[in-house]
Amino acid sequence: MKLAIQENLLPGATLQEKLAAAERLGFDGVEFWGHDIEGRLPEIRAALSTVRVKASTICSGYRGDLLSASREERLRAVEDIKVRLKAAAELGAVGVIVVPTFGGPKLPDLWPLYPSVRELEQALLVAELRELGKFAEDVGAYVLLEPLNRYETHFLNRLEQATSIIEEVGSKGVALMADFFHMNIEEASIAEALRRALKHLRHLHLADSNRWLPGFGHTDFREPFRVLKEGGYAHYMALECHVPEPREENLARSVKYLRGLIG
Ligand code: LER
Ligand code: MN
């Protein structure tokens, strides 16, 4: 298991300083935000060439919405995700984190064509993911579907909902990522949910129960980490959480705590 951290959580005034801090703190990878990824590629490449840490993943940052009622917005999301998949492959990152839609449903009820809006949303997403999955396979990066808690999206809340879509899509380019903060709200058992989803799992987001650094809340990481270890999970887990000050000291504490659990 490899440890990563989102770029904005690192101390340092420049990207190079942030990557140096990641290395100093013992991280293996850095997750970059997807906003303006094309424009930032030269800077990211240059900064990465000065350290041993790698680009783990690209986190969203695309415009549009895969489940919008507007064709233009859906197309914008598909095209922007493709740009980020290409960038991920160029950086040697695992893939691009994709949330199908934030908030509530945007599509109309089309009964009796579809029994419910949810079925229409799923059919639409499967069609879009077939195209994105093919593109992802061709460039060599994953579309990483991320379920979020019910207060952020109505659509994908639990890992099993995402794996059923991934299996319906049937593309090697579409995989699952799981975020401990969301799982803590939505899963009956985080360990069991991970166990069932392991086959599709290619990335994780780490945060404690309060979305602070792991070790700063009351989530019990021991059993979920045991499941990941026993299941041979060898990919990244990236910190996505609040980092209280003093930043560097608390990051170091959390890394120590996590390394103790990973073994
Ligand atoms: C949002 O809560 C989240 O977890 C992010 O990873 C979404 O891109
Ligand atoms: Mn997340």
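Residues being open to solvent by 20 Å² or more (accessible area, probe 1.4 Å) and within 11 Å of ligand 1 (Cβ to nearest atom): count how many of those fall in the range 142-184.
So the answer is 3.
Step by step: first the residues of the range 179-238, then only those that are touching a His at 6+ places or on another chain (Cβ under 8 Å) and basic (K, R), then the one that is farthest from ligand 2 (Cβ to nearest atom). Which residue is that?
So the residue we want is R202.
Any chance you could count how many residues in the range 55-65 are away from ligand 2 (no atom under 16 Å from the Cβ) and buried (at least 22 other Cβ atoms within 10 Å of the Cβ)?
Our first condition is that a residue be away from ligand 2 (no atom under 16 Å from the Cβ); within the range 55-65, this holds for 55, 63-65.
Subsequent filtering for residues that are buried (at least 22 other Cβ atoms within 10 Å of the Cβ) retains 55.
Looking only at that region, the number is 1.
Confirm whether R211 is at pLDDT 95 or above, open to solvent by 10 Å² or more (accessible area, probe 1.4 Å), basic (K, R) and within 16 Å of ligand 1 (Cβ to nearest atom). First the steps, then the outcome.
Values: at pLDDT 95 or above: yes; open to solvent by 10 Å² or more (accessible area, probe 1.4 Å): yes; basic (K, R): yes; within 16 Å of ligand 1 (Cβ to nearest atom): yes.
So R211 fits the description; yes.
Can you find a residue in the range 49-59 that is closer than 29 Å to A77 by Cα and among the small types (G, A, S)?
Scanning the range 49-59 turns up at least one residue that is closer than 29 Å to A77 by Cα and among the small types (G, A, S).
Condition (residue is free of Cβ contacts under 8 Å to residues at least 12 places away in the same chain and out of contact with any strand residue (DSSP E or B) (no Cβ under 7 Å at 6 or more places or on another chain)) applied to the range 88-95: is it met by at least one residue?
No, because not a single residue in the range 88-95 is free of Cβ contacts under 8 Å to residues at least 12 places away in the same chain and out of contact with any strand residue (DSSP E or B) (no Cβ under 7 Å at 6 or more places or on another chain).
Looking at (1) touching a residue at least 40 places away in the same chain (Cβ under 8 Å); (2) under 19 Å from the mean Cα position of the chain (by Cα); (3) more than 23 Å from V96 (Cα to Cα), which is the only condition S209 fails?
(1)
List every residue pair whose Cβ atoms lie under 6 Å apart, where the two residues are 6 or more positions apart in sequence or sit on different chains, the first residue falls within the range 171-190 and is within 17 Å of V94 (Cβ to Cβ), and the second residue, located anywhere, is in a helix (DSSP H, G or I) and among the charged types (D, E, K, R).
Listed pairs, sorted by first residue: K172/E137; G173/E137.
Which residue is farthest from the chain's Cα centre (by Cα), if the candidates are limited to the range 94-123 and must be surrounded by fewer than 16 Cβ atoms within 10 Å (Cβ to Cβ) and of a type in the set (F, W, Y)?
So the residue we want is W111.
Output yes when any residue across the range 9-22 is closer than 24 Å to L206 by Cβ, among the acidic types (D, E) and in contact (Cβ under 8 Å) with a residue 60 or more places away in the chain, and no when none is.
Within the range 9-22, none of the residues are closer than 24 Å to L206 by Cβ, among the acidic types (D, E) and in contact (Cβ under 8 Å) with a residue 60 or more places away in the chain.
Name the pairs: first residue in the range 238-250 and closer than 21 Å to M1 by Cα, second residue among the charged types (D, E, K, R), Cβ to Cβ under 8 Å, at least 6 apart or on different chains?
Correct list of pairs: A238/E31; E240/E31; E240/D179; C241/D208; C241/R211.
So which residues in the range 66-93 are under 18 Å from the mean Cα position of the chain (by Cα), of a type outside the set (G, A, S) and open to solvent by less than 30 Å² (accessible area, probe 1.4 Å)?
Listed by number, the residues that qualify are L66, V78, D80, I81, R84, L85, L91.
Can you tell me which residues in the range 124-146 are assigned to a helix (DSSP H, G or I) and within 24 Å of E187 (Cα to Cα)?
Within the range 124-146, L125, V126 qualify.
Take the range 191-206 and flag every residue that is without any contact (Cβ under 8 Å) to a residue 60 or more places away in the chain and open to solvent by 40 Å² or more (accessible area, probe 1.4 Å).
Listed by number, the residues that qualify are E192, R195, R196, K199.
The values are calculated or read from the model by the stated rules, or taken from the named source; none is laboratory data. Only a predicted model underlies this, so the values are computations on that prediction, with no experimental measurement involved. Please note: Cβ atoms are built from the backbone with ideal geometry, for glycine as well, and neighbour counts cover all protein chains shown. Remember, those area values only see protein heavy atoms, side chains included, never the ligands or the DNA or RNA. Shrake-Rupley method; radii C 1.70, N 1.55, O 1.52, S 1.80 Å.
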